[in-house]
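Working notes for the structure below.
Since every read-out is calculated from the coordinates, none of them should be taken as a lab result. Note that the coordinates shown come from a computational prediction; the quantities given were computed from them, not determined experimentally. So basically every Cβ, Gly included, is an ideal-geometry build from the backbone, and we count neighbours across all protein chains shown.
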Amino acid sequence: MLRKGKGWNMKQKESIEWKSIVLPHDGIGEIMLFIAAARESIEGKFFKLQDPLVIDGLIMAQHRGVKVRVMLNSKRSDGSRVNDQAYDALQATGIEVRWTNPLFVVSHEKSILVDQKKALVGTFNTCTACFEKARDYALITNDPAVVDEVRRCFQADWDEQEFVPAPESPLLWSNVNSRKKTIEFIDSAQKTLDVQHPKLVDASILDRLLAAHFRGVRVRFLCGGGSGLSHWDFLECFSAWRILVRCGIRIRHQKKPKLHAKLILADEKSMLVSSFNLDRSAFDLRREVGLITSHPQAVERLHAQFHADWKLARLYHVPEPLEALALSAKEKDVVPEMRDD
C-alpha cells in the first residue's frame, strides 16, 4: 500500500520538521521514499530486515554512490537467526554490514539516518507483515539534537563501545535511561495517559500507571491480548492487566490491525514512541530507542489514530493468567514476524 504521507507542514516557519508514519495505512512507501532521498549516506539498525523492497532500496542507494552502513541483530532471544539472508545480500553488493553490538543480548532498535541530516525512529520490524498487517508507528525529524544522538549511538555500537546519551536528550536509550525516562514521562501526565502497547511486564511501570490513576489521571490501555506475546510473558502480562482493571483502569483489546506499536500519549500534548516494550529485558538487557516529542502535528496524528483504534476495540475481559497461558498454544492469529523476542 502506498499512500501520500501526512505530517510535514511545508508552511511551517521553524526549521525543525517532524513527520509521523502510521502503519499499515501509509504502507512501505514512506520508508522507501526516506531511503531513496539519501544522497550521501545511510546508517540503519534493524532487529529484523526481511522485506525485499527495503533490502533492494539499500542496495540501490549503494549503487548510486551513497555510503550505506547497516547493523543487523544477530540472533533472537531464543537463539534463532532471521537476518543471515539479508546480511549476505547486503555484503555481496559492497555494503558495509555488521552484527549489532555484542554488549546487548538483543538489539531491538529500529532507526535509520539519511545524510546525517534526518533520523527515523520506529516501532516496526522491517518485514512485509508489519507493513501490511500491523499497527506500527515511526517518526522522522531533522531535529539536530535527535539526529546527532542517533548518529553517535550508531557509531558507538558500530565500534562496539559504550554509549552515553546527552542528559537533556529527547531520546530514551536502553539499557541506559529508558526506564527512568519512561517513568518520568508517565509521571508528567496531569489529565490523561493513553497507552498503546503489546506488553506490560515491568513492575515499576505498572506502579507508575497505578499512581497516575490514583492521582486522578484518566488512564486507558490498548493491548493486543495474547497475540504476539512470548510464551514466558503470559503470566506476568495478564496478571498486570488484571491488576489495572481491578483498580479501575480501562483496557481494550485491539484485534485489527495487529498491535505492534509502542506509544504513550500524555495529556494529548506529548508522546513517547519507542522500539521497546514495557518489560524488563527491553529496559535492562537490550539496545532499544525511544523518542519523546510535543510537536503538535506529529502528536495530533498519532493521538487521532489512538482514538480511532480505541473506538473500534472492544472492552477486554482479561482472562485468568493460567487460562491464558493454556490457550496461548492454540492462538491462531499470531504473526511470527511481529514477535519481539
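At-a-glance table
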| read-out | value |
| --- | --- |
| Long-range amide H partners of Glu17 with built H, under 5 Å | Asn142, Asp143 |
| For Phe124, residues with placed amide H under 5 Å, excluding near neighbours | Tyr137 |
| Backbone HN-Hα couplings from phi across segment 55-62 [Karplus 6.51/-1.76/1.60, Hz, Gly and Pro as x] | 4, 5, x, 5, 5, 5, 4, 4 |
| Inter-label distance for His307 and Gln116, nm, one decimal - labels placed 7 Å from Cα along Cα-to-Cβ | 4.2 |
| Relative contact order, percent, segment 171-338 [alpha-carbon distance under 8 Å, six or more residues apart] | 32 |
| Exposure proxy order (Cβ contacts within 10 Å, fewest to most) of Glu168, Glu300 | Glu168, Glu300 |
| Inter-label distance, nm, simple model (7 Å from Cα along the C-beta direction), Leu103/Asp88 | 3.2 |
| Sum of -39500 (n - 2.57) over DSSP H runs of 4+, divided by residues of the chain (222 nm, nearest 500) | -10000 deg cm²/dmol |
| Set of aspartates and glutamates with alpha-carbon distance to Lys191 below 14 Å, sequence-local pairs under 8 removed | Asp267, Glu268 |
| Point-to-point label distance, Arg250-Glu162, nm (Cα→Cβ direction, 7 Å offset) | 4.6 |
| Extension gain from Lys75 to Glu132, taking 0.36 nm per residue of separation minus the Cα-Cα distance | 18.1 nm |
| ³J(HN,Hα) computed for each position of segment 18-33 - Karplus, 6.51 cos²θ - 1.76 cosθ + 1.60, integer Hz, glycine/proline x | 9, 9, 9, 10, 10, 9, x, 4, 7, x, 6, x, 5, 5, 5, 5 |
| Sequence-distant residues sharing a close amide H with Val68 (under 5 Å, placed H) | Ile42, Glu96 |
| Per-pair calculated FRET efficiency, R0 = 30 Å: Ala326 and Ala211 via Cβ, rounded to 0.05 | 0.40 |
| Alpha carbon centroid spacing (whole Å) that separates segment 53-96 from segment 101-130 | 12 |
| Degrees, to the nearest 10: 296-312 long Cα axis against longest axis of the chain | 50 |
| Backbone HN-Hα couplings from phi across segment 143-151 [Karplus 6.51/-1.76/1.60, Hz, Gly and Pro as x] | 4, x, 5, 5, 4, 5, 6, 4, 5 |
| In segment 1-155, lysine pairs with alpha-carbon atoms under 13 angstrom apart (chain gap of 8 or more, or interchain) | 6 |
| Per-residue Cβ neighbour rank within 10 angstrom, fewest leading, Cys247, Cys153 | Cys247, Cys153 |
| Relative contact order (%) - criterion: Cα under 8 Å, at least six apart; region: segment 18-158 | 33 |
| Antiparallel DSSP beta bridges within the chain, percent to nearest 5 | 60 |
| Cα-based helix-to-principal-axis angle, 178-188 vs the chain, degrees rounded to 10 | 50 |
